[in-house]
Structures are given as C-alpha cells and as structure tokens.
Amino acid sequence: MKTRILTGITTTGTPHLGNYAGAIMPAIEASQGVAAESFFFLADYHALIKCDDASRIEQSRMEVAATWLAAGLDPERVTFYRQSDIPEITELTWLLTCVSAKGFLNRSHAYKAAVDKNTGAGQDADAGISMGLFSYPVLMAADILLFNAHKVPVGRDQIQHVEMAKDIGQRFNNAYGNGVPVFVLPEAVVDERVATLPGLDGRKMSKSYDNTIPLFTSSRLLKEAIGQIVTDSLLPGEPKDPDSSALYSLYQAFSTPAQALAYRADLLQGLGWGEAKKRLYELLNSQIEPMREHYSRLLANPSDLEDILQHGAHKARSVARPLMAQLRDAVGLRSFNAFVPKAQEAVRKVASEPEFVSYREDGAFYFKLVGDKGSALLVSTPFATGKEMGAALARVKAGQQIVLQQESNCPVVYCAGELVAQGEPFLDEAQAQQVMDTLGKSLGGKQTLLESDNGCGL
Ligand code: TRP
C-alpha cells in the first residue's frame, strides 16, 4: 500500500503567503511523489467552530479551493474534497466520540487556550465555549482515521491534535478490533524549514496576529504589503543581519538556496532595505503571477469548482463507505437480516476447521469432534474421569496408536485397540469419502486409516 498523506485546511479566511509556503506548497510537492497517495480537503466543518458568518464561510471555501488548484494541485492525482460532502466523517465522529474520554479531551490545546483566556479574564472557565470547540479533536480524528492516513502534514499547533487522533484510533482498535487493528495510526509531519514564516511585524504570519500578506492580491497590493514589513533603521551601506530579518526569512522560503545565499551576502554587505524589499517583491511576484490568473478564472466560474469538488467527494466516499460499513458492523450496528443467534455464532466460528470439544453428561466425560455447521463428526465413548478423557483426546489429536476405520457404515476410531469414538452413519459413498478425509486430517494425520471392513456395505 502506498503511503497515504492527508491534510485539511480550515476555511475561515483568505489564504495568505504563510499558508502557501507552510502548507500548500509542501503538500502539493509531496503529492507529486509516486510513492504517495494524497487526500486534501477543505475542513469546512471545522470552520463552523470558529466562524458563524455564513457568507464568509461560503466565500472562504471557494477561495481556498481555487488557491489549491491555482497552486498546482491536480485533482485527478489527489483526492480533493470538502469535509462536509462526506457524511461518513460525521458518522464516524460519533463512534469516536463514544470511545473518547472527556478528561482526555479536556487537555486539548484548542480547548485549554479558551479556558485559560476565560479564567484570565475572571470569567467562568467554559464561558462561550461550544461543544464544537471541545470536540474539535474528535472531528479531526475522524477526518484522519476514516482514510487510514499514515502521514498528516500540519503546523506545530496541530501536532497535539494528530497525536490525539492516534490515541482515539488506538482506543477504538482496542475496543472493537478483536486483535486486528481497524485503523492505521497516523503520524504528524512538520516541515521545519517553513514552519515559522514571519509576517509584516516579524512574528509568525498568522491571521490571528493580523500581520499576513495575502497570496492572490494584485501586484500593486503585494508590493504595498511588502513595503510594510518591519525592518530596523540601518541605512543603505550599513551591514544588515539576515538572521533577524523577516525579509530574508521570506526570501529564503521562496528562493533557491543559491538565490538565498546571494541575497544574504548582499544584506551583509549593506544592501538597503528598500532595495531588499524590491528584490523580495520581484521574487514573489514572479512566482505568484501565473497562478493569479488561474485563481481569478476559477473564482469566476464557481460551477467548475463545484464539479471538481463533487468529483473529489465521489472518490473520497468510495474509500470512506466500505470502511464505515465495516465500522458499523464492528460496533454492532448491523442489519437485523444478518442476525445470528448467540448459540449459532459459536458454531459459525468452527465452520471451516473441525474442532475437538470436551463436555460432561450424566456424570461421564466425553469429547467430540465438531465439524461444519456444528454437527458432531465423532463422539467419544464415556470416560469415568476428566483425566482419562483428556489423555485419550490427546492421543487422538496426536494420532498416537490411533486407527480410523469405516465400520458398519460409520466412522470409528480405535486407540491402542480400544474403541474410543465413533460417528454418525454415512449417507452415501461420496459423503463417506469426504467425512473420512476430514477425520483423517483432524486426527493428527498419523493414524492408520483402514478402508471399510467386511460386511460393511455401502
Ligand atoms: N485543524 C486543522 C487546522 O486548523 C485543519 C484540519 C482539520 C486538519 N482536520 C484535519 C488537518 C485533519 C490535518 C488533518 O489547521
């Protein structure tokens, strides 16, 4: 099986440069490898946790979809879909909710941060916190586990949530797996190189700091935004420190190593900030320009976007549906038509391989060989003690001094010359052959098999 890579993008805003360099670009690059099978989706259910403005949600979903496609995502190669188009995700969320301990979810960063904020403000710990926010990691676990993802590329802030998905998957496997794991346990993957792209003020570029550079604005607005990046007040000609410069970090994230080296050397030799910004703008704009056109075209044709995402949903559901059916069965949500009474269930288990069972009846000890459909292929003679019965059974199983033969139209087994077990009369020759064959295999294969004796006619 190929390595499955899966990641989700919460659709609450307009993608910015930080999203592009930190998530979109590396994910698309990874999806181009032949050894990988990628699932990328719009986490629009997660968006509802943070945003109750319906038109903003609507707009953001389209913008995020158009961004990924314009950035080079190939919807034929990658499974690209909206979370809310996959009903199996919400269905699985409930099954996972039922194996997730509340105390464990109390520790989720997203929830804890909200609690800390409340207590810091002297408010009730849970003020304004929805169950959506509280259960955020369970929904995320369903996103990941439903597709049996191996690797989940995320930002640092999401590592804990992927770990929680792994933990929840493990709990489910333990509860329902019967020794066979149902879910693949995922690993978070963080790209160290791009994880800390700085924003306009030098802090991590993030919508919550209001310091982002939009990805697909006009070239004029891109230039203006770059002009606002904070620098120190060193003059042209004075050496600059590239390692404390947001310009250098941004440049490096989009350039080749050789370009970055040249930029670095020029800063050290006193390149002016104005010139440094101009060069950053030129680098970024040359990469964004061709995508910008594609992006605008996609946004102008929402029904094309819709078709692409419906196609993705179709592909995703063809993976999700069979797994979900298996999960429903695992937890006992089955059709009544498939109901098997408890007693027969035990029989079903021995359907293919005959099995020896020992039992006690009217004070005596017996063993029998139970075959297909629960019928007794052989029943032992009575033994006075469990120990004697056990010893005889062991010899029968090992084929030790055992003779199997067909007698009076029945299978009989002798152990050291004594009759120890016999079976039901055969129905016809074909069935006799089949039963004798099965018995031969079940008796350790070392017994002497005698063909029908005299006078036992079929
Ligand atoms: N919570 C993630 C974020 O805000 C987005 C997300 C939702 C996600 N489901 C996911 C990421 C599953 C990876 C896998 O960044």
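The values are calculated or read from the model by the stated rules, or taken from the named source; none is laboratory data. Quick caveat, the model's predicted, so the values are computed rather than measured. A quick note on method: Cβ atoms are made from the backbone with ideal geometry, for glycine too, and the neighbour counts reach across all protein chains shown. Just the protein is used for accessible areas: all its heavy atoms, side chains included, with ligands, DNA and RNA removed. Shrake-Rupley method; radii C 1.70, N 1.55, O 1.52, S 1.80 Å.
The table for this structure:
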{"item": "Cβ-based net charge around G8, under 12 Å, with every Lys or Arg adding one and every Asp or Glu removing one", "result": "-1"}
{"item": "Rounded tilt (10° steps) of 302-331 against the dominant C-alpha axis of the chain", "result": "30"}
{"item": "Convex hull volume per residue in cubic angstrom - Cα atoms of region 141-233", "result": "120"}
{"item": "For region 84-154, radius of gyration divided by Kirkwood radius, i.e. Rg to Rh on alpha-carbons", "result": "1.05"}
{"item": "Stokes-Einstein D (µm²/s) once Rh is taken as the Kirkwood radius of region 301-394 over alpha-carbon pairs, at 10 °C in 1.306 mPa s", "result": "89"}
{"item": "Ellipsoid equivalent to region 7-117 - semi-axes via the Cα gyration tensor, in Å", "result": "26, 18, 15"}
{"item": "Charged-residue dipole, Cβ positions (Lys, Arg, Asp, Glu), region 150-195 about Cα centre, Debye nearest 20", "result": "100"}
{"item": "Equivalent ellipsoid, the chain (semi-axes from 5 times Cα gyration tensor eigenvalues, Å)", "result": "70, 23, 21"}
{"item": "Gyration tensor (alpha-carbon) shape descriptor, region 353-405, a/c threshold 1.5", "result": "oblate"}
{"item": "Solvent-accessible surface (1.4 angstrom probe) belonging to F339, in square angstrom, nearest 10", "result": "150"}
{"item": "Loop-resident sites, region 57-143, for GluC sites (Glu not before Pro), counting at most 13 other Cβ within 10 Å (DSSP)", "result": "E76"}
{"item": "Cα-only radius of gyration and Dmax that characterise region 183-228, units Å", "result": "15.0, 49"}
{"item": "Region 179-260, accessible area per residue, ligands and nucleic acids excluded (1.4 Å, Å²)", "result": "54"}
{"item": "Between region 376-409 and region 250-269, the alpha-carbon center distance in angstrom", "result": "84"}
{"item": "Folded to 0 to 90 degrees: helix 54-70 orientation relative to the chain principal axis, Cα", "result": "90"}
{"item": "Calculated P(r) of region 280-329 - Cα pairs past 13 Å, %", "result": "71"}
{"item": "Per residue convex hull volume, Cα atoms of region 252-342, in Å³", "result": "200"}
{"item": "Farthest toward positive dipole pole in the chain [+1 Lys/Arg, -1 Asp/Glu at C-beta], among L139, G272, A36", "result": "G272"}
{"item": "Positive dipole terminus of the chain, leading residue within S130, M436, P322 (C-beta point charges)", "result": "S130"}
{"item": "Peptide ranges 121-133, 142-154 listed from the most packed, as the mean C-beta count within 10 angstrom indicates", "result": "142-154, 121-133"}
{"item": "Estimated dipole of the chain in Debye, rounded to 20 [Cβ of Lys and Arg +1, of Asp and Glu -1, Cα centre]", "result": "660"}
{"item": "Apportionment of accessible area to carbon and sulfur, the chain, percent (1.4 Å)", "result": "52"}
{"item": "Shape of region 33-191, Cα gyration tensor, a/c cut at 1.5", "result": "oblate"}
{"item": "Flagged links, alpha-carbon separation over 23 Å, of K373/K397; K342/K368; K166/K342", "result": "K166/K342"}
{"item": "Helix 159-176 axis, angle to the chain major axis (alpha carbon atoms, nearest 10°)", "result": "10"}
{"item": "Residue-normalised accessible area of region 1-108, given per residue in Å² at a 1.4 Å probe", "result": "40"}
{"item": "Region 1-55: equivalent-ellipsoid semi-axes (sqrt of 5 x gyration tensor eigenvalues, Cα, Å)", "result": "26, 14, 6"}
{"item": "Helical contribution to [θ] at 222 nm, DSSP H n ≥ 4, -39,500 (n - 2.57), averaged over the chain, rounded to 500", "result": "-15000 deg cm²/dmol"}
